[in-house]
Every structure is written in C-alpha cells, then in structure tokens.
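Note sheet for the following structure.
The values are calculated or read from the model by the stated rules, or taken from the named source; none is laboratory data. All figures in this text were calculated on a predicted structure; none of them were measured in a lab. Here Cβ is always computed from backbone atoms with ideal geometry, including for glycine, and neighbour counts include all displayed protein chains.
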Amino acid sequence: MRGFRGVSYNIAGSLYGRVDAVKSDALGESCLVTCADDSGYAYVRSGSLLEGVFLKRSWHAHERMHLSVGDVICLSSDGRLIVEYSAGSRDNVFCVTDRCNHRCIMCPQHVVISGGAVDRYAECCRVARLVEDSSPLVGITGGEPLIAPDKFVGLVETCLDSNANWSFQVLTNATACADYQLAKQLAGYLKGRAVFCVPIYSDSASVHDQIVGSHGGLWKATLGVHHLACEGIDTEIRTVLLSHNMHRFRSLVEFICKNFPFAGHVALMGQEMIANARINMDRVWVEPSEYGGVLVDAVELLDDSRINVSIYNIPLCMLPENLWKYASRSISEWKVVHAEKCSECSVRSECCGIFFSNLKYVEKYVVPIRS
Ligand code: SF4
C-alpha cells in the first residue's frame, strides 16, 4: 500500500474516493476524485500549487507523485493519502484486522492480541465498492482475516455484489476452518474464485506450535486445510525458512507431500525482517549461506511428488542456479529495494530484489550475475 504526506483542505476524518481523471502539466499532476460518501468530488494536486481550487475538498503535496485512473484512495484530515487499491495491479491487499489468534515468532505484521486492536473490514468494503477493474484480484490478510468470520463473509459478499469477477488470495492460518461448517459456508462464496494460503512451519506439532505461539496450532491448521479442500476450495501451503525448522526441513516437506497432495502450490519463503521477525532476529534468522542445499532437496522432493513449488523472497544470487526457475518475483513493489551492486547484474529484471527491511542483513551476500 503506497502512502503520501501532504496537506488536506476541508476534509473531516477519512474520505474514500476513486481517481476518475488525471492530468499532468509541466509543474505537477492534478486528479479528480469521486468520493464514496456523497458521490461529490475531491481534488488532489502534487507539484506546484494552483490558485483557487483549495476552497473545496482537496489535498496537496509539493513533491510530485503519480496516481492512475481507477486507483482507490483514502484522504485523511491529518494530511495522509493512502492508495488503498491500485487499478490493474495484481498486488492489491485488504488488511482487514490487526487481531490474530496466533503470535508467530517471525510475524512481519504488527499484530495486536487484545486491547487496542483495529478491524478494517468495513473500510475495505468501502474500498471494494469503488473498484472498477473488470476482474479485480485482492489478497485478504491481517492479522488473521478469519478472526471475525461474519465480517470476512460480509466483505466477500460486498465485493461480489459490486462485481461478480472478483478473485481472492486469502492469507490465513486456517485454524478457524477446523470448524467444518465455516469451511462449508466459505465455499458457498469462494469456491473457484479463491486460493487459501496456509502456513505450515514444521511436521512436528511441538515445533510448529512453538513458532506460532498456540497450542494445537498444527492440528487445527491441518484440519482446516482438509476441510477447505473437501469443500473444493483451492489451497496453497506456505512455509518460512527459520532456524527452528531448518534442521528438519526435509521432514516438513515430506509431511506436506503426504498430508496435502491436493495443494495447488507450495511456497518456500525467505523471511521479512520486520516487526516480530526483527525483535526475535537472534532466534529466527538463517543466513543465506545456510539454506541453499536445504532448498535444493526440498524442491526436488516436491517436484517428484508433482506438486508445484516456488521460492519466494530470495534473490537469485543467493540461490543455487538450478533453483532460479523456481524463484518468484514475490516482493511487492512498495517493499522492494536493490543494492547498489544490483545495477551491474544481468538478471536484475528476473530477480525478486530485497525487502527494504532486509537490505542491511543480506547486502554482503549480493553478488551481481554477469552473463
Ligand atoms: S545482484 Fe541484485 S539483482 Fe542480481 S541477483 Fe543479486 S540481488 Fe538480484
């Protein structure tokens, strides 16, 4: 989600709207925004100020920035402009809550367990109603998006009421779907139009449960994935390379092959060093030099089992070359950076780059590829 700082004029609270016209000139860019609340308009200007227009609802930043027709934005009275939905992008995310029933040791989100938690299901509904893409795709995440099942269903209903072509990628720990009735209810809306991406961190219940900070976590997640699959919902298994699971990574992959042979995809992921991951770095971090062989073995096993596999969040120069074809450009545009040395690299356009939060830890491993 991109955000900008500027000055708001005549805006109270939060104002949601869709960019319906963009005009660039030599000194900046002007946008006409159709507002959600009253179908009136607001005006966004970046670059040099134009006289007169700030009598109405408007926002201005001196620094030039770009919005596209179809972007859905939120303007706040305190001068923030957040791009809540980028038109035509496949990276859009609805972050519906910061509540979670797990407390993962390497969680890259700022999750609130109790007190002061913020739900954003209603705000995401407002955004969804404004989206005009013909086939919108959105990731639904949190916290745990199924922590409030009724609100989750309400959001999905709102999306599909406004456009039947929505599709979804739901990032969930799936423990709520240990309740078969919920899996069944979700299938009524989402079968054929959603992939549920579920993290499984170890084949050992004690190790998985220690990582997620919840007793019974592995059992409930496994049951949840099976219930979703029984109801015909597409599933993906995700795991993260951690010091906790490295010593038995092969056992984890065997567990995945045996218990989730129906999974459409398995993602093997590098860590994002932010929030809990940063706080617990001493306990969770694995140096890139340590996981090459582990990944070769894991990918071979999944391939042999005819399960689609990808590697996320690991730059090509930190992977054995025979794994490059499995590496995905998985890091969202607004989180990715490159090292200075990357400018000399011949595979830069195929590389996922580096999380901005990881750069200082992995820069020493960056070795430009020269063809
Ligand atoms: S040098 Fe940079 S662009 Fe090239 S593979 Fe490494 S991280 Fe990616």
(request) Among the candidates Cys230, Cys257, Cys177, single out the residue that is assigned by TED's automatic domain parsing to the domain that holds Ala277, closer than 25 Å to Phe94 by Cα and not small (Gly, Ala, Ser). (result) Cys177
(message) Quick check on this structure: which one of His215, His244, His227 is under 23 Å from Arg283 (Cα atoms), surrounded by 20 or more Cβ atoms within 10 Å (Cβ to Cβ) and of a type outside the set (A, V, I, L, M, F, W, C)?
(response) His244
(request) Mind counting the residues in region 61-84 that are out of contact with any Cys (no Cβ under 8 Å at 6 or more places or on another chain) and not in a strand (DSSP E or B)? (result) 12
(request) Give the number of residues within region 116-165 that are surrounded by fewer than 18 Cβ atoms within 10 Å (Cβ to Cβ), within 17 Å of the chain's Cα centre (by Cα) and among the basic types (Lys, Arg). (result) 0
(message) Quick check on this structure: which one of Arg283, Arg306 is charged (D, E, K, R), surrounded by fewer than 19 Cβ atoms within 10 Å (Cβ to Cβ) and either within 20 Å of the chain's Cα centre (by Cα) or in a helix (DSSP H, G or I) (or both)?
(response) Arg283
(request) Would you kindly identify the helices (runs of 4 or more DSSP H) lying entirely within region 163-257 that contain at least 1 residues that are modelled with pLDDT under 95 and aromatic (Phe, Trp, Tyr)? (result) none
(request) Please enumerate the residues belonging to region 345-371 that are in contact (Cβ under 8 Å) with a residue 24 or more places away in the chain and surrounded by fewer than 18 Cβ atoms within 10 Å (Cβ to Cβ). (result) Ser346, Val347, Glu350, Ser357, Tyr361, Glu363, Tyr365, Val367, Pro368, Ile369, Arg370, Ser371
(message) Can you find a residue that is buried (at least 19 other Cβ atoms within 10 Å of the Cβ), under 24 Å from Phe152 (Cβ atoms) and at pLDDT 90 or above anywhere in region 55-72?
(response) yes
(message) So, in region 333-371, how many residues would count as being part of a loop (DSSP other than H, G, I, E, B), within 17 Å of Pro288 (Cα to Cα) and either more than 7 Å from the ligand (Cβ to nearest atom) or within 24 Å of the chain's Cα centre (by Cα) (or both)?
(response) 8
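So that you can scan it fast, the table gives a plain yes or no per residue for (1) of a type in the set (Lys, Arg); (2) away from the ligand (no atom under 16 Å from the Cβ); (3) in contact with an Asp or Glu (Cβ under 9 Å, 6 or more places away or on another chain):
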{"position": "Cys230", "(1), (2), (3)": "no, yes, no"}
{"position": "Ile237", "(1), (2), (3)": "no, yes, no"}
{"position": "Arg250", "(1), (2), (3)": "yes, yes, yes"}
{"position": "Glu254", "(1), (2), (3)": "no, yes, yes"}
{"position": "Leu268", "(1), (2), (3)": "no, yes, no"}
{"position": "Val284", "(1), (2), (3)": "no, yes, no"}
{"position": "Leu301", "(1), (2), (3)": "no, yes, yes"}
{"position": "Cys317", "(1), (2), (3)": "no, no, no"}
{"position": "Pro320", "(1), (2), (3)": "no, no, no"}
(request) Give the residues of region 123-181 that are at positive phi and of a type outside the set (A, V, I, L, M, F, W, C), sorted by residue number. (result) Gly143
(message) Pairs please, first residue from region 323-341 and within 19 Å of Phe94 (Cα to Cα) and touching a residue at least 24 places away in the same chain (Cβ under 8 Å), second anywhere and part of a loop (DSSP other than H, G, I, E, B) and more than 10 Å from the ligand (Cβ to nearest atom), Cβ atoms under 7 Å, 6+ apart in sequence or on different chains.
(response) Ser330/Asn313; Ile331/Asn313; Ser332/Asp91; Glu333/Asp91; Trp334/Met1; Lys335/Phe356
(message) Tell me whether region 288-295 contains one or more residues that are within 12 Å of the ligand (Cβ to nearest atom) and assigned by TED's automatic domain parsing to the domain that holds Cys100.
(response) yes
(message) Scan region 240-261 and tell me whether some residue there is of a type in the set (Val, Ile, Thr) and more than 30 Å from Ser357 (Cβ to Cβ).
(response) no
